[in-house]
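Read through the structure below, which is laid out as structure tokens, and then see the notes.
The values are calculated or read from the model by the stated rules, or taken from the named source; none is laboratory data. Worth saying up front: this structure is predicted, and the values here are computed from it rather than measured. With ideal geometry, Cβ positions are generated from the backbone for all residues, glycine too; neighbour counts draw on all protein chains shown.
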Amino acid sequence: MKLPEFDIYPYLGPLPLRFGTPRRDVPTCLGIPGRPSRNGDWFGSVRVGYYDIEEVVEVGFGPRDVTLSFLGKRLWDDERTEDPMPLLLRHDSAPIEFYGFVVFLKIGVTCTGFHDDDHSQRAITVFRRGLWDKHISKAKEPDLSRYRS
């Protein structure tokens, strides 16, 4: 079975899915959701968040059952799960941390579970511009010393 493939483009979306896509059109790209809810739908290990505007505002990925790239550079597939932090840090060297999420505001990506070696929490989420703005004042500087040389 071929895994669904996504390529993250900052603030456009995980193509072929784009931010701003109406909720009713998402099944065309991902199929019928396995777990629909008011604010978001699960399609296997992919969660699409809509919140109150009924269009795609964020998309989260667990490191399984998906092929995921960032600007054409492969991160995850059915055979490997690369730590995305080094690549993301090359595109935004000053992320913030909020409740365990490393938030890369310059590129619209959050990452968790990699910087702190919590394998059970490993995930990447991409978000539309402005979605994290309300949390900036409560954020802290993450400990990314393991990535800095």
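Structure notes:
- Filtered residue count, region 1-40, keeping only those that are in a loop (DSSP other than H, G, I, E, B), over 15 Å from E54 (Cβ atoms) and among the hydroxyl-bearing types (S, T, Y): 1
- Qualifying positions in region 12-65 - farther than 15 Å from C111 by Cα and among the aromatic types (F, W, Y): F19, W42, F43, Y50, Y51
- Where strands (runs of 3 or more DSSP E) sit wholly within region 44-132, those with at least 2 residues that are of a type in the set (A, V, I, L, M, F, W, C) and more than 21 Å from I32 (Cα to Cα) occupy 73-76, 96-98, 101-104, 109-112, 123-127.
- Qualifying residue in region 83-90 (condition: aliphatic (A, V, I, L, M), within 26 Å of K140 (Cβ to Cβ) and touching a Ser or Thr at 6+ places or on another chain (Cβ under 9 Å)): no
- The set of residues from region 59-82 being out of contact with any Lys or Arg (no Cβ under 9 Å at 6 or more places or on another chain) and surrounded by 17 or more Cβ atoms within 10 Å (Cβ to Cβ) comprises V66, S69, F70, L75.
- Residues that are modelled with pLDDT of 95 or more and of a type outside the set (F, W, Y) were ranked within region 1-15; the one that is surrounded by the most Cβ atoms within 10 Å (Cβ to Cβ) is P14.
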